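**Q** I'd like to ask some things about the structure below.
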Amino acid sequence: MAGFENNVEFKGKAKPNTMVPSLFSRSFTIRSPPKNSQRDYINSPSRFYNSLESMKGKVKKLCNIFEASKSAKSSTTELHTQLISQSNKLKSVKSMGADYHRYPFNEIRLAGTEDRIVVYLTSLRGIRRTFEDCYAVMMIFRGFRVWIDERDISMDSAYKKELQSVLGEKHFSLPQVFIKGKHMGGAEVIKQMYETGELAKILDGFPKRDSVSLCEGCGDARFKPCGNCSGSRKIFDEDEEVLKRCLECNENGLIRCPECCS
């Protein structure tokens, strides 16, 4: 018992009279680190500068990684923008439909029109952009005072079928221009040729009109009611005593004006 009491340390306290269990037969002491250890680490210049240099090296590596990633991203971004610009140009050319055919590389030809300018257009204002393009092209040609063979597909469906067979396409944009039998293209092509002066060179050999006044027969509509059926598209056959379809006019009971379209 005396040996057990000697093993247990009691500092500043009296020895207990009761017996302490054997679990506390050993003394436990918690030691804190020396106070000067942190100061020694900070005050030692070699350790401090070595850690600082290592941190600088890590920061440089991270900067290099991020700069490389930024440069890669910038290069990919530039390539992406170039591809987008090229695709937009390709889309803008393809969106013109048959307008991408340019003189003189186009092989589409309209037979029997080697001595004239043929413009397929529409006079209906249902689609505003199409009507404005047709009107702009007609104003450009009228500024040169040349005679134009206007073929209005809204007035005669035969012109629509004719243009479809020539272009080989069921759907097309208007207007479509043929000069000396060669297909020039649509409104965008004619406007560009006009601005560059190429259109004036092509139209140099065409005869000029003396005046640009309105036609007295049709008022520049290029069509007039059929004189055979008076626009009704029907005639009475006296021999058979039945009504028959007039063969001289189109589906609208119109004929081409003989005064301005002869």
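**Q** Could you tell me the calculated FRET efficiency between ARG109 and SER232, based on Cβ-Cβ distance and R0 = 51 angstrom, to the nearest 0.05?
**A** With a Förster radius of 51 Å, E is 0.85.
**Q** Roughly speaking, what is the stretch gain from ARG125 to LYS208, that is 0.36 nm per residue apart minus the C-alpha to C-alpha distance, in nm to one decimal?
**A** Result: 26.9 nm gained on full extension.
**Q** Additional query: Looking only at segment 114-227, where both bridge partners belong to it, what percent of the DSSP beta bridges are antiparallel (to the nearest 5)?
**A** 65 percent
**Q** Over every pair of different alpha-carbon atoms in segment 106-195, take the mean of 1/r and invert it; report that Kirkwood radius in Å.
**A** When all Cα pairs of segment 106-195 are included, the Kirkwood radius is 13.2 Å.
**Q** Now a separate question. Per the Kirkwood formula on distinct C-alpha pairs, the Rh of segment 177-262 is how many angstrom?
**A** Final number for the Kirkwood radius of segment 177-262 is 16.4 Å.
**Q** In segment 140-170, which residues have a backbone nitrogen under 16 Å from the label point lying 7 Å from ARG245's Cα in the Cα-to-Cβ direction?
**A** Counting only backbone N, you get 156-159, 161.
Coordinate-derived values only; no laboratory data. Since we're looking at a predicted model, the values are computed, not measured. Ideal geometry is used to build each Cβ from the backbone, glycine not excepted, and the neighbour counts take in all protein chains shown.
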